[in-house]
Amino acid sequence: MKKIFTTLLAFGGIALLMLASCKKDEVKVVANVGKVGALTSTTTAPALSKPNANNDAITFSWAATPVTGYNAPITYTIQLDVKGNSFKNAREVSTDKLTQTLKVGVLNDMLTALKLSYDNPSQVEVRIKSSAAPNLAATYSNIITLTVLPYQGTGYIYVPGAYQGWDPKTADSLTSPNNDGVYDGYIGFPVGKLEFKLTPKKVWDVAYGDAGSGKISTTGGNLSVPAAGYYALHAVIDQNDKTKGTFTATPVFWSIIGDATPGGWSTDTDMLYDATTKTWSVTVALIGGKDIKFRFNHSWDLNLGGTPGALTPGGANYTITTGGTYKIVLNANANTFTITKL
C-alpha cells in the first residue's frame with residue numbers, strides 16, 4: 001500500500017509540473033500601435049478677443065490611430081507650444097474622440113501660460129499625442145503651425161502727467177475689462193498739475209494727446225482737466241485706426257449726507273480731494289444724536305456706512321454722539337475714515 005501511495009504522489013507531482021509548464025508557455029497577445037493619423041485644423045490664424053471668449057476659436061481633427069492585437073483604448077492629447085521649443089513646455093488638452101474644438105477663452109489661457117506677446121503675433125506649433133497604455137510608446141501626428149495674438153484678460157492704458165512727474169513707469173492707469181479699447185478709471189489732480197497724456201505701454205513710444213473737440217490722437221498735445229480735483233477718465237481707442245480715439249474727464253465727488261449734516265438727507269455736503277494723500281476731507285457742523293453716511297457722486301448707487309475703521313458698501317449709518325464742528329477725513333481706498341471734534 002505504501003508503494004502505491006508513493007507512486008501516486010510521483011504521478012501527481014509530474015502532472016503539476018506539466019501544468020505549470022503549460023502556463024509558462026502560453027501565447028500572449030500584444031497590441032501593436034500605429035502612428036496617429038494626419039492632423040488638420042479649421043484655421044491657422046484664430047482670432048482672439050475677450051468679448052468672444054465663449055465662441056469657438058479653432059477645431060482640430062485627425063484620423064484614428066490603428067491598433068492590432070487586442071482592443072486597446074486610445075487617449076489623444078493636443079499639445080501646443082512655442083514654435084521651435086520641441087514641445088518641452090507644451091500646454092495640453094486630452095480627449096478620446098477624433099476631433100476637439102477649443103473656445104477662444106480656453107485657447108487664450110493656453111497661450112497666456114506660454115507668456116506670448118500681447119502686442120505682436122507669435123507662432124506656436126500643435127500636434128496630437130496618441131497613447132494606448134502606459135507600457136506602450138506614444139506616437140505623434142504631423143505638426144501644424146498657428147499664428148496667434150493672445151489678449152490680456154484686462155487691458156490697461158497709462159496716464160503719465162504732471163501730477164506724478166511725467167513717468168509712464170509709475171503712472172496711474174485706466175482699465176478695459178473686455179480689453180476692447182474702452183478704458184475707465186479715476187485720477188486725482190492737484191493744483192497746478194493738471195496736464196497729462198495717455199500711453200498704451202509704460203514707455204513713451206506712443207502717446208495719445210488732445211486733438212480737440214473731445215478727440216485724441218498720437219500727434220495731439222497735452223490733455224488737461226479744468227481744475228484740481230478727482231476725475232472719472234474715459235478713453236475709447238478706435239480699433240480700426242489705433243492712432244486716434246475719444247476722451248472725457250468728468251469731475252466726481254465723495255460727500256457726506258444725513259440728518260446730522262446741514263443739508264439733511266436731501267442735500268450732500270461735498271468733501272475736498274487731496275491728491276497727495278488720496279483722501280477726502282470736510283470741516284462741518286454736525287448735530288448730536290443724528291446720523292451720517294458717505295455717498296459717491298451724489299448717488300445712492302455707491303454709499304459707505306459703518307464704523308471709522310470698517311466702512312462697507314451700504315453699511316449702517318454712523319451716529320454723531322455730541323454736536324459740534326468736526327473734521328472728517330475719508331480714505332475711500334481703504335474704506336476707513338477719521339472724525340475729529342474741533
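Here are some notes:
- Mean Cα-pair separation over length for segment 88-204, i.e. relative contact order, pairs under 8 Å, 6 or more apart, %: 20 percent
- Distance distribution P(r), segment 89-205, all Cα-Cα pairs, bin width 10 angstrom from 0: 11, 29, 23, 16, 11, 7, 2, 0 percent.
- Leading residue at positive end of dipole, segment 133-203 (Cβ point charges), from 186, 140, 166: 166
- Rounded tilt (10° steps) of 104-113 against the dominant C-alpha axis of the chain: 90 degrees
- Dipole of segment 206-342 [Lys/Arg +1, Asp/Glu -1 at C-beta], most positive-end residue of 284, 229, 297: 284
- On segment 130-220, 51 percent of the accessible area sits on carbon and sulfur atoms, based on a 1.4 Å probe.
- Sequence-separation-based contact order of the chain, relative, with Cα cut under 8 Å and 6+ spacing, percent: 10 percent
- The orientation-averaged shadow of the Cα convex hull for the chain, equal to a quarter of the hull surface, comes to 34.2 nm².
- Computed with a 1.4 Å probe over protein heavy atoms only, the accessible area of residue 156 comes to about 90 Å².
- Per residue, segment 103-146 exposes 48 Å² of solvent-accessible protein surface, assessed with a 1.4 angstrom probe and all protein chains in place.
- Residues whose placed amide H lies under 5 Å from that of residue 118, excluding near-sequence neighbours: none
- Rounded to whole Hz, the Karplus (6.51, -1.76, 1.60) HN-Hα couplings of segment 149-166, x for glycine and proline: 9, x, 10, 6, x, 10, x, 9, 9, 9, 10, x, x, 4, 5, 9, x, 6
- In order through segment 237-253: 3J(HN,Hα) via Karplus (6.51 cos²θ - 1.76 cosθ + 1.60), integer Hz, x for Gly, Pro: 8, 4, 6, 8, 9, 6, 8, 9, x, 10, 8, 9, 10, 10, x, 10, 9
- Ratio Rg/Rh, restricted to segment 197-252 and using Cα atoms, in which Rh is the Kirkwood radius: 0.97
- All C-alpha pair distances within segment 230-327, sorted into 5 Å bins from zero, spread as 3, 12, 18, 22, 15, 9, 6, 5, 4, 3, 2, 1, 0 percent across the bins.
- Total formal charge among the other residues, if their Cβ is under 14 angstrom from that of residue 324, Lys/Arg +1 and Asp/Glu -1: +3
- Measuring against 18 Å, Cα to Cα, the residue pairs 83/115; 193/242; 50/244; 278/341; 193/215; 115/197 contain 193/242; 50/244; 278/341; 193/215; 115/197 as the ones spanning a longer distance.
- Rounded Å value of the spacing that divides the Cα centres of segment 43-122 and segment 284-339: 53 Å
- Along segment 309-318 the Karplus relation, 6.51 cos²θ - 1.76 cosθ + 1.60 evaluated at θ = phi - 60°, assigns HN-Hα couplings of x, 7, 7, 9, x, x, x, 5, 4, 9 Hz to successive residues, with x for each Gly and Pro.
- Helix 2-24 and the long axis of the chain differ in direction by around 50°, with both axes built from C-alpha atoms.
The values are calculated or read from the model by the stated rules, or taken from the named source; none is laboratory data. Bear in mind the structure is a predicted one, so any value in this text is a computation, not a measurement. Glycine also receives a Cβ, built like all others from the backbone with ideal geometry; neighbour counts cover every protein chain displayed. Ligands, DNA and RNA are excluded from the accessible area calculation, which covers all protein heavy atoms including side chains. Shrake-Rupley method; radii C 1.70, N 1.55, O 1.52, S 1.80 Å.
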